[in-house]
Amino acid sequence: MTGTSIAQAIPIAITPILTRIYSPEDFGMFALYMSITGILAVVATGRYEMAIILPDDDDDGDAINLLCLSVLVSMSISLLIFILVFLFGVEIGTLLKNKEISTWLYFTPVIIFLTGIYQSFYYWNNRKRNYSDLSKSRIVHSSVVASSNLTIGSWSNGPTGLIVGNLIGQLLTTVFLLSKSFSSEKMLRYKPQVSVARIKNVAIRYQNFPKYDALASLFNLASHQSTHIFFNLFFGAISSGYFFITQKILGLPIDLIATSIQTVFRVEMTALHNSNGNTRAFFIQTLTKLFGLAIIPSVILYIFAIDIFVLFLGDNWGTVGEYVRYLIPVFLLRFLSVPMSSMFYIAEKQKINTIGQLLLFILTVCTFVLGQSMGSLYTIKLLSIVLSVFYICYLALSFSFTYKR
């Protein structure tokens with residue numbers, strides 16, 4: 001969590017500069033691009049990387065073969081997406097009512113491939129409890145992206161600096177984690193355990209991850225990332241830019257901190273689950289600490305959000321403060337539910353998770369359909385209610401998968 005906090009401090013610190021270099025329209029274009037790549041990247045590995053931490057023993061070879069499988073799936077999906085962009089890039093831009101995005105889509109297969117490799121080795125290092133290297137990789141990413149955004153934005157127009165900076169950041173972060181993995185873990189010693197037959201075996205053994213969890217994750221991310229797409233379609237690039245900055249300053253740091261906590265929670269909870277330990281007590285203990293950590297900042301933001309963001313970003317960005325105020329309950333509940341949702345994987349309840357994420361996506365679409373005629377602020381309020389109820393239900397379900405011994 002400390003490493004992630006440092007990593008997030010960097011882009012947040014330069015945001016007041018970025019909002020004076022780039023326009024809301026530029027951020028709106030970047031949000032649309034990131035939504036598309038984000039939705040596709042979440043299934044780039046078939047979610048097999050999530051299974052890497054599950055095998056009990058390194059000597060049986062399942063973990064290293066899952067790592068290889070995850071990388072191979074990532075390569076295949078990236079190639080497929082390149083072919084689709086090459087054939088239908090212009091049509092996709094027309095469908096999204098944004099022809100400029102067609103050019104940037106050619107970066108998508110590269111980002112997806114790099115993300116797939118990074119995610120695979122992220123969970124390998126998670127399995128090995130190399131938390132320091134994982135934290136450092138986040139710092140490398142945020143540092144490189146921030147410096148690229150500033151450097152390229154100072155001499156180019158439009159969203160070029162935002163999009164290219166993201167690509168450079170992902171490339172160097174992936175290289176960093178690969179170098180750390182091969183130097184510290186002596187990866188070559190696992191080479192005799194890798195074979196085509198064993199990769200096939202683990203693909204079948206953990207088939208629930210691509211079958212259910214890939215769909216669940218796709219629906220989950222689509223429900224979040226599609227908001228940027230819908231804002232572009234229904235309310236224009238300016239509103240989309242405001243919403244993107246809201247997520248950048250508040251939503252993304254919250255998600256990344258929660259994900260870092262989830263990294264540790266999942267490993268420790270898996271150990272308790274496998275040893276028939278008291279998972280319910282650990283669940284309650286973690287949830288209580290998370291709530292205590294988040295409640296005071298949430299109250300402060302709710303009261304002073306508009307003043308804070310006008311002072312921080314400039315007079316033209318007060319709308320971001322309004323968005324934040326109405327979305328505070330969602331951010332709080334999401335911060336609590338992200339680590340706790342690990343219970344769906346640990347208890348192997350991927351099918352239930354898939355149904356739940358599909359429902360979330362449907363609710364998100366319905367929210368925008370109902371709110372489009374009432375304006376962006378009304379839609380934000382409605383979205384806050386819908387998502388808050390969903391996260392409360394998800395926390396209750398996660399708790400039901402624990403047990404007391």
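The values are calculated or read from the model by the stated rules, or taken from the named source; none is laboratory data. Predicted model, so just to flag it, every value in this text is computed and none were measured. Ideal geometry is used to build each Cβ from the backbone, glycine not excepted, and the neighbour counts take in all protein chains shown.
Points to keep in mind about this one:
- The number of residues in the range 285-316 that are surrounded by fewer than 13 Cβ atoms within 10 Å (Cβ to Cβ) and over 26 Å from Ser23 (Cβ atoms) comes to 9.
- Qualifying residue in the range 61-83 (condition: of a type in the set (Gly, Ala, Ser), surrounded by fewer than 22 Cβ atoms within 10 Å (Cβ to Cβ), within 29 Å of Gly28 (Cα to Cα) and in the same structural domain as Leu40 (by TED's automatic domain parsing)): no
- Test: residue in the range 44-58 that is assigned to a helix (DSSP H, G or I) and closer than 22 Å to Lys136 by Cα: yes
- Of the helices (runs of 4 or more DSSP H) that lie entirely inside the range 76-153, those containing 2 or more residues that are small (Gly, Ala, Ser) and either modelled with pLDDT of 90 or more or more than 30 Å from Ile17 (Cα to Cα) (or both) span 108-127, 131-153.
- Residue match in the range 122-139 (condition: over 30 Å from Asp57 (Cα atoms) and buried (at least 18 other Cβ atoms within 10 Å of the Cβ)): yes
- Within the range 291-332, tally of residues that are farther than 20 Å from Leu377 by Cα and touching a Ser or Thr at 6+ places or on another chain (Cβ under 9 Å): 1
- Counting only residues that are of a type in the set (Ser, Thr, Tyr) and in contact (Cβ under 8 Å) with a residue 40 or more places away in the chain, the range 41-81 holds 4 of them.
- Selection of first residues in the range 216-228 that are assigned to a helix (DSSP H, G or I) and of second residues that are among the charged types (D, E, K, R) and buried (at least 23 other Cβ atoms within 10 Å of the Cβ), restricted to Cβ pairs under 7 Å at least 6 apart or on distinct chains, gives the following pairs, ordered by first then second residue: Ser217/Arg47.
- Qualifying position, being over 24 Å from Leu272 (Cβ atoms), among the acidic types (Asp, Glu) and touching a residue at least 40 places away in the same chain (Cβ under 8 Å), among Glu322, Glu348: Glu322
- Options Gly241, Gly251, Gly236; residue that is in contact (Cβ under 8 Å) with a residue 24 or more places away in the chain and surrounded by fewer than 17 Cβ atoms within 10 Å (Cβ to Cβ): Gly236
- Look at the range 28-40: where a residue is under 14 Å from Ile77 (Cα atoms) and a partner is aromatic (Phe, Trp, Tyr) and assigned to a helix (DSSP H, G or I), sitting 6+ places away or on another chain with Cβ atoms under 9 Å, you get Thr37/Phe107.
- Among residues of the range 200-214 that are among the hydroxyl-bearing types (Ser, Thr, Tyr), those with a Cβ under 6 angstrom from a residue that is modelled with pLDDT under 90, sequence gap 6+ or separate chain, pair up as Tyr206/Ala51; Tyr212/Gln350; Tyr212/Lys351; Tyr212/Thr354.
- Some residue of the range 16-36 being over 12 Å from Phe244 (Cβ atoms), within 14 Å of the chain's Cα centre (by Cα) and either β-branched (Val, Ile, Thr) or buried (at least 20 other Cβ atoms within 10 Å of the Cβ) (or both): yes
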